[in-house]
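Heads up, the thing below is written out as structure tokens.
The values are calculated or read from the model by the stated rules, or taken from the named source; none is laboratory data. What you see is a predicted model, and the numbers here were worked out from it, not measured in a lab. No Cβ is skipped: glycine too gets one built from the backbone with ideal geometry, and neighbour counts run over all protein chains shown.
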Amino acid sequence: MTESLRVLFLASEAAPYAKTGGLADVAGSLPNALKKLGVDVRVGLPFYRMAKEGNFQTRKAVSGLEVPIGNARLRGDVLETSTEEGVPVYLFDREDLFDRPNLYGTPEGDYYDNLERFTFFSHAALLFPKKVGFHFDVVHCHDWQTGLIPAYVKTLYRADSYFSSVASVFTIHNIGYQGLFPPDRLHTCGVPVTEFNPDGIEFWDKFSLLKAGLVYADAITTVSPRYSREIQTPEFGMGMDGILRKRSTDLYGILNGADYTSWNPATDRHITDHYSPSNMRGKRKCKAGLIKELGLHQRFVDRPVLGMVSRLAAQKGSDLLVQIVEDIVGLDAGLVILGAGEDKYQALFLELASKYPESVSVTIGFDEGLAHRIMAGIDIFLVPSRYEPCGLTQIYALKYGTIPIVRATGGLDDTIQQFDQNSGEGTGFKFVQYETGAFLDQIKEALKVFEDRPGWIRLVERGMRADFSWEKSAGEYVSLYEEVRKRAITNGESNGKKV
């Protein structure tokens, strides 16, 4: 049945072409898993400078595609490439909009014309398939940058027979990013002014592209079951909890999968010594290499080393970690941090690294190779997020024999089972209250288990054998696609009879 299912998969970033976070990992790996299940899936994203610098082999699929922006029409090209697994990837090119150093903005803030940039992408992504004869059944959109697409299908393109049976699925990766703009810019994106109301895209006297996706999509998904429940509450809903409760029957929590082709210590091209649950010698070598690379004291080869690879922001728990760095040093544990983000956290972590150079290493920025070497070379991985829709790093950590300490929220709670010393069950450590004491208590608990070498080895091996591959979650998406397609066909037929 899935052989005839055609899906247009649209995201503002997708690995390896352009990446700032977990969205790119999902958009880069889920389509490959869908293809294995027989889905005709095609991916679309903007052709950023980052993608150009990747030197991917491309061919021009369409030249001079006309795209409406406000009262104007802009032209752009569409280039085609494909993943290693053979999934077609379309790159939407307009130099003045996408050929920039970053994807969404600078450290000072968002690009001033993000509305124009993602309006162009959203229109182009819907107009382009006609040019190449790709009659898709479902358009799967991700986060606020593509929130206009379900709205366009239900409003601007409603009378177009090409879209009469198209269904839309909208995935929330992080509800904190909402794509808010002042109402005087509504004409830019072309959504009818009648949709600017509390039941439409209006959000506290502005309009929200995220809300457009939530209101108009046929189905809404989030990236973990717990997060789908959390965002229906005032605490986690960021003001969108009302609309999500209203649409609760159309809201699904589908756990993100891990891309084990990129994150696997048995094959990882970024690490010098490979290892597996049956042969762990390589992990010790990776740890020794990391300690040498980052200039930590040699004693940490035999002492626990903790690490965090993350955006340095309050949402990611940076405010908790920065307060207990000296406690960690006092426990004779090493600490390795890789990330970039808010200036105050960058400065505080660098100051602590300067104060304790033999125990604390901080690298500001992002380095893909170093991220992999940290994952392989540390013993304990920290994810103390205030909230976390899904999180992938804790899943990667398990695969690398690195024990996660996480806050019990969102996908972190769904993926990590608290270690129980009596039964020996569990894969990591969790704390509930968002406070330094609760976080530090779990670190101390983990260090206690670390001293029990046989117990620690059993814990590590259990985590490494956990399987969070995409197969199960991709199957859930296929079932959802089939369901919304069926509904769309029925609605299209009934609308046809009315005409």
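Kindly list, by first and then second residue, each pair from a residue in the stretch 219-234 that is under 14 Å from SER248 (Cβ atoms) and free of Cβ contacts under 8 Å to residues at least 60 places away in the same chain to a residue that is in a loop (DSSP other than H, G, I, E, B) and not polar (S, T, N, Q), limited to pairs with Cβ atoms under 8 Å and residues at least 6 apart or on different chains.
Cβ pairs passing all conditions: ILE220/ARG247; ILE231/ILE175; ILE231/GLY237; ILE231/MET238; ILE231/MET240.
Looking at the stretch 300-321, can you tell me whether even one residue there is in contact (Cβ under 8 Å) with a residue 60 or more places away in the chain, surrounded by fewer than 19 Cβ atoms within 10 Å (Cβ to Cβ) and over 23 Å from the mean Cα position of the chain (by Cα)? Steps first, answer last, please.
Within the stretch 300-321, the first condition is being in contact (Cβ under 8 Å) with a residue 60 or more places away in the chain, and the residues that meet it are 304-311, 314-317, 320-321.
Then drop every residue that is not surrounded by fewer than 19 Cβ atoms within 10 Å (Cβ to Cβ), which leaves 311, 314-315.
Remaining after also requiring over 23 Å from the mean Cα position of the chain (by Cα): none.
No, the stretch 300-321 contains no residue that is in contact (Cβ under 8 Å) with a residue 60 or more places away in the chain, surrounded by fewer than 19 Cβ atoms within 10 Å (Cβ to Cβ) and over 23 Å from the mean Cα position of the chain (by Cα).
Yes or no: GLY239 surrounded by 21 or more Cβ atoms within 10 Å (Cβ to Cβ) and either out of contact with any Asp or Glu (no Cβ under 7 Å at 6 or more places or on another chain) or over 23 Å from ALA474 (Cβ atoms) (or both)?
No, not satisfied.
Does the stretch 224-239 contain any residue that is touching a Cys at 6+ places or on another chain (Cβ under 8 Å) and outside any loop (DSSP other than H, G, I, E, B)?
yes
Of the residues in the stretch 316-351, how many are among the basic types (Lys, Arg) and over 26 Å from HIS372 (Cβ atoms)?
1
Among what's in the stretch 387-412 and is at pLDDT 95 or above and of a type in the set (D, E, K, R), pick the residue that is surrounded by the most Cβ atoms within 10 Å (Cβ to Cβ).
ARG407
Hey, GLY295 hits all of (1) more than 21 Å from ILE328 (Cβ to Cβ); (2) in contact (Cβ under 8 Å) with a residue 24 or more places away in the chain but one; which does it fall short on?
(1)
Residues in the stretch 452-460: is at least one touching a helix residue (DSSP H, G or I) at 6+ places or on another chain (Cβ under 6 Å), closer than 23 Å to PRO304 by Cα and touching a residue at least 60 places away in the same chain (Cβ under 8 Å)?
For the stretch 452-460, residues touching a helix residue (DSSP H, G or I) at 6+ places or on another chain (Cβ under 6 Å), closer than 23 Å to PRO304 by Cα and touching a residue at least 60 places away in the same chain (Cβ under 8 Å): absent.
Might you let me know whether the stretch 168-176 holds any residue that is more than 23 Å from TYR481 (Cα to Cα) and either crowded, with 19+ Cβ neighbours inside 10 Å or touching a helix residue (DSSP H, G or I) at 6+ places or on another chain (Cβ under 8 Å) (or both)? Please lay out each step first, then the result.
So the first thing to find is which residues in the stretch 168-176 are more than 23 Å from TYR481 (Cα to Cα), and the list is 176.
Retained after the next criterion (residues that are either crowded, with 19+ Cβ neighbours inside 10 Å or touching a helix residue (DSSP H, G or I) at 6+ places or on another chain (Cβ under 8 Å) (or both)): 176.
Yes, the stretch 168-176 contains a residue that is more than 23 Å from TYR481 (Cα to Cα) and either crowded, with 19+ Cβ neighbours inside 10 Å or touching a helix residue (DSSP H, G or I) at 6+ places or on another chain (Cβ under 8 Å) (or both).
Considering only residues that are of a type in the set (Phe, Trp, Tyr) and either modelled with pLDDT under 95 or assigned to a loop (DSSP other than H, G, I, E, B) (or both), look in the stretch 58-117 and name the one that is surrounded by the fewest Cβ atoms within 10 Å (Cβ to Cβ).
TYR112
Out of (1) in contact with a Lys or Arg (Cβ under 9 Å, 6 or more places away or on another chain); (2) surrounded by fewer than 24 Cβ atoms within 10 Å (Cβ to Cβ); (3) not in a loop (DSSP other than H, G, I, E, B), what's the single condition that is false for GLN145?
(2)
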